[in-house]
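Undergrad: Provided herewith is a single structure, encoded as C-alpha cells, for subsequent inquiry.
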Amino acid sequence: MLELCTLASGSSGNCLLATDGTTHLLLDVGISARRICKGLRELGVEPAELAGILITHEHSDHIAGLATLNKQLGLPVYASGGTARQLCYRIAFLEERIHTFRPGEHFEIGTLGVETFPTSHDAAEPTGYALTGGGRKAAVVTDLGYVTDAVLSGVRGADLLVAEANYDEEWLLSGPYPYYLKQRILGDRGHLSNDAGAALVRACVEGGTSTVVLAHLSKENNTPARAYGAVCSLLELGGVDVDRDITLEVAPRSECGRRCAV
C-alpha cells in the first residue's frame, strides 16, 4: 500500500504526506510548522515519526515551515544541489541535515524508494518526485512550465498521480494580473494550465494510472470545478469513463485532502 494526502495545495502553500504505513515522508513544507503538525496528527502520524522531507524547489509556498521544523524536529532534508544551496542561504544550520542529489538519481528512505527528475520552473534546480513501495508507484508533479520528456519518463508507470492544474488560460488572460506576471505563469518556467494538466493526466491514465489528484490550483485564475471539468472532458474524448475507470480528485487549497491509496 502506498498513500498520499495533501495537507495544503495552492499558491499560498503546499505540503503533502507520503506513506506506506511504515515510512512517512513530507513532500514540501510550504505552510506553518504548526499547521503541518496538526494536519499530520489528524492523519494519525506523529511529527516525530517522519523519516524526512523532500523539497521540490525553494519558493516560499514550498518551504515556509522548513526553518521551524528543522529547529523542532531536526529531520533529514532532501533536495537537489541547486535547491539545497538556496535553502542553506536562508535557513541557519540546515547544511547539517541536508542531503543533496542530482535530479535523475534514485535513492531509498526507509522502506520507500525515491525517484527524482528535473522539472521546468523558475527556480534554481526544481525537481519532481516519484515514490515506490509495495510494488506501487506514486508521482508528484506540480509547478511545471511545461511537460518535458524527463517528466513523462518520471511519471511513467505511476499508479497514483498528483498533477498540476494551476489556471484556466482564458481567466488568466482576461484577469487583473499585471502583464509580466501573466507571462511568467504562461511561460515555459511557469505553471500548467488546466488543458496542459489534462493532457498530462490523459497520458498517464492511458499508461495505467488509476488515481489522479489535481493540485496547485490558483485561487484567482481557477476553480476546482473548472479544473475537474477540463480533465474529465479530455479523458472522455479518449474513451475513459471517469466515474467507472479511475478515481479523480481535486486537492483542497488550505486543508487536508482525502487520503488516496494504491
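The values are calculated or read from the model by the stated rules, or taken from the named source; none is laboratory data. No experiment lies behind these values; they were computed from the predicted model shown. Note that each Cβ is placed from the backbone with ideal geometry, even for glycine, and that neighbours are counted across all protein chains shown. The area values use the complete protein model at the heavy-atom level, side chains included, leaving out ligands, DNA and RNA. Shrake-Rupley method; radii C 1.70, N 1.55, O 1.52, S 1.80 Å.
Undergrad: Quickly rank 60-71, 229-240, 2-13 as a protection proxy: mean count of other C-beta atoms within 10 Å, highest first.
TA: 2-13, 60-71, 229-240
Undergrad: Let me ask something else about it. Would you kindly give the portion of the calculated P(r) for the stretch 99-203 that falls above 15 Å, as a percent of all Cα pairs?
TA: Looking at the stretch 99-203, the distances longer than 15 Å represent 63 percent of pairs.
Undergrad: Run through all the Cα pairs of the stretch 157-262 and give the fraction in each 5 Å bin from 0, expressed as whole percent.
TA: 2, 13, 24, 23, 18, 11, 6, 3, 0
Undergrad: Another question, if that's okay. Report the Stokes-Einstein translational diffusion coefficient (µm² s⁻¹, integer) for the stretch 68-107, Rh taken as the Kirkwood radius over Cα pairs, at 37 °C with viscosity 0.692 mPa s.
TA: Translational D for this selection: 312 µm²/s.
Undergrad: Rolling a 1.4 angstrom probe over the protein heavy atoms, how many square angstrom per residue are accessible across the stretch 1-87?
TA: With the other protein chains kept in place, the stretch 1-87 gives 33 Å² per residue.
Undergrad: Round to a whole number: what % of the accessible area of the chain belongs to carbon and sulfur, probe 1.4 Å?
TA: Roughly 48 percent of what the probe reaches on the chain is carbon or sulfur.
Undergrad: Over the Cα atoms of the stretch 83-138, how large are the radius of gyration and the largest Cα-Cα distance (Dmax), in Å?
TA: Looking at the stretch 83-138, its Cα Rg and Dmax stand at 13.0, 38 Å.
Undergrad: Cα extents of the stretch 1-142 along the three principal axes, largest first, in whole Å?
TA: Principal extents (largest minus smallest coordinate, Cα): 36, 32, 29 Å.
Undergrad: More than 31 Å apart: what percent of Cα pairs in the chain qualify?
TA: Tail of P(r) above 31 Å: 18 percent of Cα pairs.
Undergrad: Where the eigenvalues come from the Cα gyration tensor of the stretch 1-69, what are the semi-axes √(5λ) of the equivalent ellipsoid, largest first, in whole Å?
TA: Listed largest to smallest, the semi-axes of the stretch 1-69 are 18, 12, 11 Å.
Undergrad: I've got another one for you. At 1.4 Å probe radius, can you tell me the per residue accessible area of the stretch 92-203 in Å²?
TA: Counting only protein heavy atoms, the per-residue value for the stretch 92-203 is 45 Å².
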